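This report refers to the structure that appears directly beneath it.
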Amino acid sequence: MRVGCQVAIVYAVINGFLTNVPVSGVKEYERRLCEKLERSHADLLERFEAGYFDQADVDALRDVLSRLNG
């Protein structure tokens with residue numbers, strides 16, 4: 001798994017985006033999140049992997065997570 005995806009998942013967990021995801025569904029959530037990021041937000045993953053995590057990056061990630069949680 002890409003480091004950028006790991007960053008996104010850790011952020012999601014710490015900030016309560018997985019609160020309503022059962023433990024048995026976490027792996028599927030991770031898969032869906034990484035797939036979404038790789039398909040539509042590769043630039044964000046690249047920024048995370050380069051060590052950037054500015055407010056604009058956080059806002060973009062929160063938007064992705066909010067949409068994923070629908």
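The values are calculated or read from the model by the stated rules, or taken from the named source; none is laboratory data. What you are looking at is a predicted structure, and each value in this text was computed from that prediction instead of being measured. Cβ atoms come from the backbone with ideal geometry, glycine included; neighbour counts cover every protein chain shown.
Observations on the model:
- Inside region 3-49, residues that are loosely packed, with under 11 Cβ neighbours inside 10 Å and among the hydroxyl-bearing types (Ser, Thr, Tyr) make up a count of 2.
- The test for being out of contact with any Leu (no Cβ under 7 Å at 6 or more places or on another chain) and in a helix (DSSP H, G or I) does not hold for Leu18.
- If you go through region 55-70 and keep only what is at pLDDT 95 or above and more than 12 Å from the chain's Cα centre (by Cα), you end up with Gln55, Ala56.
- For region 19-56, the tally of residues that are more than 17 Å from Arg2 (Cα to Cα) and of a type in the set (D, E, K, R) stands at 1.
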